[in-house]
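Working notes, structure below.
The values are calculated or read from the model by the stated rules, or taken from the named source; none is laboratory data. Keep in mind that this is a model prediction, so the values were computed, not measured. Here the Cβ positions follow ideal geometry from the backbone for every residue, glycine too, while neighbour counts run over all protein chains shown. Note: accessible area is taken over every heavy atom of the protein model, side chains too, but ligands, DNA and RNA are not part of it. Shrake-Rupley method; radii C 1.70, N 1.55, O 1.52, S 1.80 Å.
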Amino acid sequence: MNWNELFEMQQQLDQYIEANHNITDQQLFDHKILALFVELGELANETRCFKFWSLKEPSPRDVILEEYVDGIHFILSLGLDKGFQVKEVDALPFSGELTDLFNQLYRAIDYFRDDQTQASYLTVFGLFLTLGEQLSFTAEDIKAAYLSKNEVNFKRQDEQY
């Protein structure tokens with residue numbers, strides 16, 4: 001997928017949010033990292049992949065996709081903050097259980113927080129795309145859900161969310 005369009009849309013949303021909230025916080029990067037951790041946890045919760053004690057089924061696919069796209073928003077935003085607006089990103093090879101992939105993503109995000117290089121950013125982005133593949137999301141699914149959620153996010157800002 002060519003990410004240019006989504007980076008541009010994310011930049012417009014970020015600028016809109018920052019202007020509406022008069023944000024000048026130097027710790028914005030750390031806030032976004034924590035937000036990405038939270039979104040990743042919400043996604044894991046909807047997949048229920050780690051809930052060995054429960055027989056309840058995962059949430060519906062559309063709910064999981066929406067949570068996934070929330071993570072994409074923060075990954076794009078973090079890339080913009082660091083000047084890593086990349087056109088193409090490849091999913092990374094992975095074999096193992098979904099829980100292992102979530103744990104690997106948490107480690108990669110934490111590493112990126114400390115090592116704010118393009119290489120560590122691409123690891124986070126690539127692993128997140130791998131997660132999308134593991135959840136059976138296509139590039140078209142992700143783009144359509146991103147466009148829809150981006151519209152919701154603008155509307156929320158207009159409604160003093």
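Take the chain, connect every pair of alpha-carbon atoms lying under 10 Å apart with a spring to form a Gaussian network, then pick out the residue of Asn150, Asn22, Asn45 with the largest mean-square fluctuation. In this elastic network of the chain, the residue with the biggest mean-square fluctuation among Asn150, Asn22, Asn45 is Asn22. In the context of the full set of protein chains, residues of the stretch 1-107 present 57 Å² of accessible surface per residue (probe radius 1.4 Å, heavy atoms only).
To the nearest 10 degrees, how steep is helix 98-114 against the longest Cα principal axis of the chain, on a 0 to 90 scale? So the helix axis and the longest Cα principal axis differ by about 30 degrees. Taking the helices alone, the chain has a mean residue ellipticity at 222 nm of -24000 deg cm²/dmol, built from -39,500 (n - 2.57) per DSSP H run of at least 4 residues and averaged over all its residues. The label point for Trp53 and the one for Gln27, both projected 7 Å from the Cα toward the Cβ, are 3.2 nm apart. Rounded to the nearest 10 degrees, the inclination of helix 118-134 to the longest alpha-carbon principal axis of the chain is 50 degrees.
In plain terms, the chain from Tyr111 to Ala139 could stretch by 7.5 nm, reckoned as 0.36 nm per residue minus the Cα-Cα distance. Ordering Leu80, Gln12, Tyr68 by the projection of their Cα atoms onto the charge dipole of the stretch 1-105, which places +1 on the Cβ of Lys and Arg and -1 on the Cβ of Asp and Glu, puts Tyr68 at the extreme positive end. Which residue, Ala108, Ala91, Ala19, tops the fluctuation ranking in a GNM of the chain built on C-alpha contacts under 10 Å? Greatest mean-square fluctuation among the candidates belongs to Ala19. Treating the angle as unsigned and between 0 and 90°, give the value, to the nearest 10°, between the Cα long axis of helix 4-20 and the longest Cα principal axis of the chain. Computed tilt is about 60 degrees. With the full set of protein chains in place, find how many percent of the accessible area of the chain is carbon and sulfur; take the probe as 1.4 Å. Roughly 49 percent of what the probe reaches on the chain is carbon or sulfur.
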